[in-house]
Amino acid sequence: MRSGGHRSRHHRRRGGRRQAMLLSPVLVTVLVAGLAIATPREIAFSRLLPAAPALAAAMWPVIPTVLLGVTCLLVMLGISLVHTDLGTPYTAAAIAAVTLAAAYASHLRLQREETLFQVRLVADAAQKVLLRPLPRRIQDVEVASLYRAAQEQARIGGDFYEAADTPYGVRLLIGDVRGKGLSAVGAAAAVTNCFRENAYDQPDLKGLVRRLQTTMTRYSGAIPADDQPEHFATALIAEIPRGSGLVRILNCGHPPPVLVRGGRIDVLEPSHASTPLNLAALLGDHYHVDTVHFSPGDRMLLYTDGVSETRDRTGAFFPLPDWTRRHDTAPPRELLDQLHTDLLRYSGGRLDDDVAALAVRCLDDSVQEH
């Protein structure tokens, strides 16, 4: 409840600031007119009136901008009745010229905003395909996901995740394509789609990751040669067979997951290195599966390096294991919400890299979803 109240107050403050910004051209008009009337003629504050329609162009539509320019023109004529010899024709001409320019600028701004809106609609649709919402529960595993782009205007990037309800148990995928731009998004989409197709058919994780490796190699071969060195990815696959009390993990160069069990925090480093995707030709085709206990009540956090490599102002990395220890009883959704909040606070409000994470909790088979 306190969190909801905090968000409500935050939205109200933002709404109040936005309303004040929208009214600022009117406030400028009133302030300049008042100063022009209240001060001696020699100061000639009235010459600042063209600033009002110029300011309106940055936030108002075309017609209100023009109407404000006309209002400023009328205000100037009224001031000239109080103070003669103000050079009214020159100021009026300036107001008219600035108003016309402001109206055109407002028109261009609205066109750009409409274009940006359409681009964001497309990006949102692409994100829902690449990073589609996950069910809250799969078999006896509670699942929550987090994705936040480093740039506020961005929607998708090279980080990816997926979860699948397969005959072999719940299978989870998280990874990070090295590189930026559309090529990284395309590589992430290729790997994710390959996982969705093969997670149900491959009986072991090594066979599954080899399929991902082949897909990444084919994708890399189909793009311009200058971009190929960027197209490799770290990835981690976890498999939680139903009722087994175990989780199998195949880590291809990815940051190790954090396991929470009874207040104890374990960073699940791989016992043997596995080859990142698209580097098999260079490093060899080596894969190793680790098995650890994962019993009812246990939690596991999977994440990309945007989480673990978030830095504060001194350059220190985000202390993820210590942070997890302080939130070891939080359910997956609350854990990820708090993680995002604390990452922003730790980094001073700006993330330098995309952030993706999966939080899972093992439930008892007898617990039914309400």
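Computed from the coordinates by the stated procedures, all read-outs in this text should not be read as laboratory data. Here the structure is a predicted model, which is why all the values come from computation and not from measurement. Cβ coordinates were reconstructed from backbone atoms using ideal geometry, including for glycine residues, and neighbour counts include every protein chain displayed.
Once you list every other residue whose beta carbon is under 9 Å from the beta carbon of F318, what net charge do they have if Lys and Arg are +1 and Asp and Glu are -1?
-2
Tell me the angle of helix 332-346 to the major Cα principal axis of the chain, expressed in degrees between 0 and 90 and rounded to the nearest ten.
For helix 332-346, the angle is close to 50 degrees.
Multiply the residue gap between A38 and S271 by 0.36 nm, knock off their C-alpha separation, and tell me the result in nm, one decimal place.
Details: separation 233, 0.36 × 233 = 83.88 nm, distance 8.00 nm.
The span from A38 to S271 would gain 75.9 nm if fully extended.
Only Cα pairs within less than 10 Å get springs; with that Gaussian network setup on the chain, which residue of L343, L48, L110 has the largest fluctuation?
With Cα springs under 10 Å in the chain, the top fluctuation among L343, L48, L110 is at L48.
Sort largest first and round to whole Å: the equivalent ellipsoid semi-axes of the chain, each the square root of five times a Cα gyration tensor eigenvalue. The partial results should precede the final answer.
Numbers: eigenvalues 659, 116, 58 Å².
Result for the chain: semi-axes of 57, 24, 17 Å.
Can you tell me the FRET efficiency between A20 and E114 if r is taken as the Cβ-Cβ distance and R0 is 35 Å, rounded to the nearest 0.05?
Once the sixth-power term is evaluated, E becomes 0.90.
Find how much the distance from I63 to D337 grows on full extension, using 0.36 nm per residue of separation minus their present alpha carbon separation; answer in nm with one decimal.
94.4 nm
Picking from L212, L282, L335, which is most flexible by a Gaussian network model of the chain using Cα springs under 10 Å?
Checking each option, the largest mean-square fluctuation is seen for L282.
Calculate, for A101 and R136, the FRET efficiency according to 1/(1 + (r/R0)^6) with r their C-beta to C-beta distance and R0 56 Å; round to the nearest 0.05.
Calculated value: 0.55.
Mean separation of Cα pairs under 8 Å and 6+ residues apart, divided by the residue count of the chain: what relative contact order is that in percent?
15
Mind telling me which of T324, T234, T91 comes out most flexible in a GNM of the chain, alpha-carbon contacts under 10 Å?
Fluctuation is largest for T91.
Helix 181-198: angle to the longest alpha-carbon principal axis of the chain, degrees 0 to 90, nearest 10?
For helix 181-198, the angle is close to 40 degrees.
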